[in-house]
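The structure under discussion appears below in the form of structure tokens.
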Ligand code: AHR
């Protein structure tokens, strides 16, 4: 047996924060407008302007947290333009994303209403790059203050009597790039200043998130942690899986086996990035008080031919499902440090879980992975050892199988397994240590396909969808599973 996994069912290693299953929504392309907001007069079924089909689909995967309004858009966003009567709101050019007119119809009230409908936590990104301390401070006051103040009164005049509960607040986005092209020393000082005025009003407690590094910029992490760790609750990390380079990222659906392998290899790099950034964080925060929040991750391909390149619209195949499954397994293994992650982006942009076309909506293979994996939300990570075969391609090697396991509050064990190979199945023996002698039942769900570029379309919305996984046998407390090539599988084990 080439692949052997031992799950220590009686050794928990920490809670998998459900916020690892978070999403990101930016004023970019058709994410907010069309994807979420269609307006109250739209023929598309909506509640107060927000699409019903999208809300239902996101609730099904138990979306825990949603980041907004950007992204690069956040450091150009002036929140006061997006409150009050919609017809009076300022119109502006979205210079980052396609140069289209932003009418500000979706603003603070609409976003927080959406989060209430989704029953998820809002995560707001504040503007450091082109905003002021006062503007950021007043935004927090507007949303969360329950007393007599100019901002609270303005909120009430705009129709919201009681404040909202807003926990997660980011002080800037990519301030090393689109958020101001700053040096880490300069940003660290600005962070210290801006966050001072991000106040806790009443019972509302803000979790302050500093702008962390791009990919492997360990110098940024070192400097910002050294200078500002005392003033933050978390720090972010951004890493996108790009098969090619920025000038030629590669197609989302038309790719070679080499590109399949290269994409998964790059997705696996997330493990090293988190380990190395965590080591730097350990130096300043050995007790792991400060969380690492991977608030932008996922695949980034060339925009779909015929679409506005500034809209970043791409299809989503079984390859994306593998990237999602592998990455979520990595986040689980680092649950002592990774407290949130936000895949980019929720609808119609980059590695989306949902695509829309007019009134039509489809769920992508990535959606199905989030649905299958939701059982890990807030579960205890189980200690797991594995020895797996190499997936070899063109002289390069990566592990063929990715795995993680958790135990939920009702004692059910869930094991998620990805077979990365595009051509070979994987026989895996899973020994459940710590369950010996207990009566055990196992069920499973699998997402797989026959072609590397299989994807769902508006004509064939279920081309890639989960099915019952039956290719396993149970002997005592050992499971022997035959994973299909390019598949994501989740097993549920009930013992006792
Ligand atoms: O998600 C698209 C963009 O990628 C975001 O706006 C930015 O933060 C990142 O560079």
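The values are calculated or read from the model by the stated rules, or taken from the named source; none is laboratory data. Keep in mind that what you see is a predicted model, and the values were worked out from it rather than measured. Neighbour counts are summed over all protein chains in view; Cβ atoms, including those assigned to glycine, are modelled from backbone coordinates with ideal geometry.
Structure notes:
- Meets criteria (touching a strand residue (DSSP E or B) at 6+ places or on another chain (Cβ under 9 Å), touching a residue at least 60 places away in the same chain (Cβ under 8 Å) and within 16 Å of the ligand (Cβ to nearest atom)) for residue 98: no
- With respect to the stated conditions, residue 32 fails to be over 24 Å from the mean Cα position of the chain (by Cα) and at pLDDT 95 or above.
- You will find that of 283, 249, 276, 288, the residue that is at positive phi and out of contact with any strand residue (DSSP E or B) (no Cβ under 7 Å at 6 or more places or on another chain) is 288 and no other.
- Condition met for residue 207 (in contact (Cβ under 8 Å) with a residue 24 or more places away in the chain, closer than 23 Å to residue 339 by Cα, out of contact with any helix residue (DSSP H, G or I) (no Cβ under 6 Å at 6 or more places or on another chain) and surrounded by 17 or more Cβ atoms within 10 Å (Cβ to Cβ)): yes
- Residue check, residue 20 assigned to a strand (DSSP E or B), away from the ligand (no atom under 16 Å from the Cβ), touching a strand residue (DSSP E or B) at 6+ places or on another chain (Cβ under 6 Å) and touching a residue at least 40 places away in the same chain (Cβ under 8 Å): no
- In the stretch 178-194, the residues that are under 24 Å from residue 94 (Cβ atoms) reach residues that are within 16 Å of the ligand (Cβ to nearest atom) and assigned to a helix (DSSP H, G or I) with C-beta atoms within less than 6 angstrom, at least six apart or across chains, in these pairs: 178/72; 179/75.
- Residues being touching a helix residue (DSSP H, G or I) at 6+ places or on another chain (Cβ under 7 Å), without any contact (Cβ under 8 Å) to a residue 60 or more places away in the chain and surrounded by fewer than 21 Cβ atoms within 10 Å (Cβ to Cβ) - total across the stretch 278-302: 1
- Residues of the stretch 66-85 satisfying the condition of being away from the ligand (no atom under 16 Å from the Cβ) and either out of contact with any helix residue (DSSP H, G or I) (no Cβ under 9 Å at 6 or more places or on another chain) or touching a residue at least 60 places away in the same chain (Cβ under 8 Å) (or both): 79, 81, 83, 84, 85
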